[in-house]
Each structure stands twice: as C-alpha cells, then as structure tokens.
Amino acid sequence: MEAEQLGIVSIEDAMRMAQEAGVDLVEVAPTARPPVCRIMDYGKFKYLQKKRAQEAKRSATHIEVKEVKFRPKTEKHDFETKMNRARRFLGDNNRVKVTIMFRGREMAYTETQRKRLLEIATALADVAILDVPPKMEGRTMSMMLNPKKGGGAAKEAKEPREARPEPQTEERTTKVSHKGRLD
C-alpha cells in the first residue's frame, strides 16, 4: 500500500495480505517472471486515472478545422479577402480546408483549379504546411492546410512595436480657392 517492495511472495500470501488491508491485489506486469502484482485500492486507482485523463483533455489544445470556399469564377478582390481570412485562421492555430465548388460546365476546368489550389498553398507556405493535397470529391475539390509551428502571425505579434517599420506617408497639399477651384 505504501509503495514498498515486499519481494517474491506466494499468491496465497499476497491475497491474504490484500484481504487484511481491505484492498485489491492487482497484477501489473503479467509477462514478467515472476509476475508483478500490487496491493492497492483498484477503485480509487481507476478514479484517479480518470481524473488525470480529464485534466489532460482539458489542458490539451483543440485545433478546429475552418473552411474557406472558392468558386472557379471568384474575382481577384474576393480571392484576396478569403486568402487573408485563411491566413488569419492559420495564425490562430486552426487547420484550414480550402474548397473550390463546381457547377455545371465548370467541371471542365478542374485541372486549372487544381493548379490554383496549389498556388494558394504556396502563397500560404510561410504560415501553413500542405497536409492533404487537392483532391476531387464529387463536385468539390479540396485540400487541407495545417498551421506551421510558430507561424508567421504569431511571430508578428511577438515582435516589439518599435521594431516594426512605420508606414511611409507622403504629404501633399493643394490650395483650393473660395470657389472650389484648384490653384
């Protein structure tokens, strides 16, 4: 009970000692010669094991899967907005599923969209690792990106404010007359 070794004891003696203590005799290593047993309260042991597992689960980091959907006809500005969103998700340590959805005749352009997905992966290579390469699933093509350890967004946030370069602004003045004409 107090984690002390009793040496080699017969099974009958070990059972009697466990019964006198009011606890269980638990076989720990059955393949060892001789088998190793422990005198302990098995119910309490299981309870503590369950509590430790719950605590470990609570303290574990949960990685969510966020999805960014594109269409073959997504325009440049919307494309950039969605890329920024994917970059933010990766910076927050989430997995990102990038999906391109096809309708009707768009299915003829799957190979160009596969190249587009690979371009997205290379554009996000500073904060992401390609986990699952592009593959077709029905009328959608998707790929999975995992955040890099110590990703780019995390590095930016840790960088001191003074070290970041200030944006250059150009001062221009124009003179406007009282009638709204430029001088």
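How high is the FRET efficiency between His77 and Lys57 when r is their beta carbon distance and R₀ equals 35 Å, given to the nearest 0.05?
Once rounded, the FRET efficiency stands at 0.25.
Report, by chain and number, residues whose modeled amide H sits under 5 Å from the one on Ala128, excluding near sequence neighbours (fewer than 5 apart, same chain).
Those qualifying (amide H under 5 Å, at least 5 residues apart or on another chain) are Lys148.
Of the options Leu130, Asn84, Tyr109, report the single residue whose Cα projects farthest towards the positive end of the charge dipole of segment 65-152 (beta-carbon charges: Lys, Arg +1; Asp, Glu -1).
Positive-most Cα among the choices belongs to Tyr109.
Distance from the Cα centre of segment 1-78 to that of segment 82-113, in angstrom?
Between the Cα centre of segment 1-78 and that of segment 82-113, the gap is 41 Å.
In terms of modelled amide H atoms, which long-range or inter-chain residues lie less than 5 Å from the amide H of Lys66?
Arg95, Val96, Lys97
Apply the Karplus parameterisation 6.51 cos²θ - 1.76 cosθ + 1.60, with θ equal to phi minus 60°, to every residue of segment 110-115 and state each ³J(HN,Hα) to the nearest whole Hz, in sequence, with x for glycine and proline.
5, 5, 5, 6, 4, 5
How big is the antiparallel share of DSSP beta bridges in segment 65-152, given as a percent to the nearest 5?
70
Please go through the residue pairs Lys51/Lys148; Lys69/Lys135; Lys73/Lys115; Lys51/Lys97; Lys73/Lys135 and name each one whose alpha carbons sit more than 26 Å apart in this structure.
Details: Lys51/Lys148 32 Å; Lys69/Lys135 14 Å; Lys73/Lys115 14 Å; Lys51/Lys97 34 Å; Lys73/Lys135 19 Å.
Where the Cα-Cα span goes over 26 Å, the pairs concerned are Lys51/Lys148; Lys51/Lys97.
Pairs of alpha-carbon atoms within less than 8 angstrom and 6+ residues apart define the contacts here; what relative contact order does segment 26-155 have, in percent?
Reported relative contact order: 21 percent.
Where does segment 9-134 land on the Kirkwood hydrodynamic radius, alpha-carbon pairs, in angstrom?
19.9
How high is the relative contact order of segment 1-42, in percent, counting Cα pairs under 8 Å that sit 6 or more residues apart?
35
If I model a spin label at Ala21 and Thr122 as a point 7 Å from the Cα along the Cα→Cβ vector, what separation in nanometres do I get?
Those two pseudo-labels are separated by 6.6 nm.
Taken together, the values in this text are just the output of simple stated rules run on the coordinates, not laboratory data. Keep in mind that this is a model prediction, so the values were computed, not measured. With ideal geometry, Cβ positions are generated from the backbone for all residues, glycine too; neighbour counts draw on all protein chains shown.
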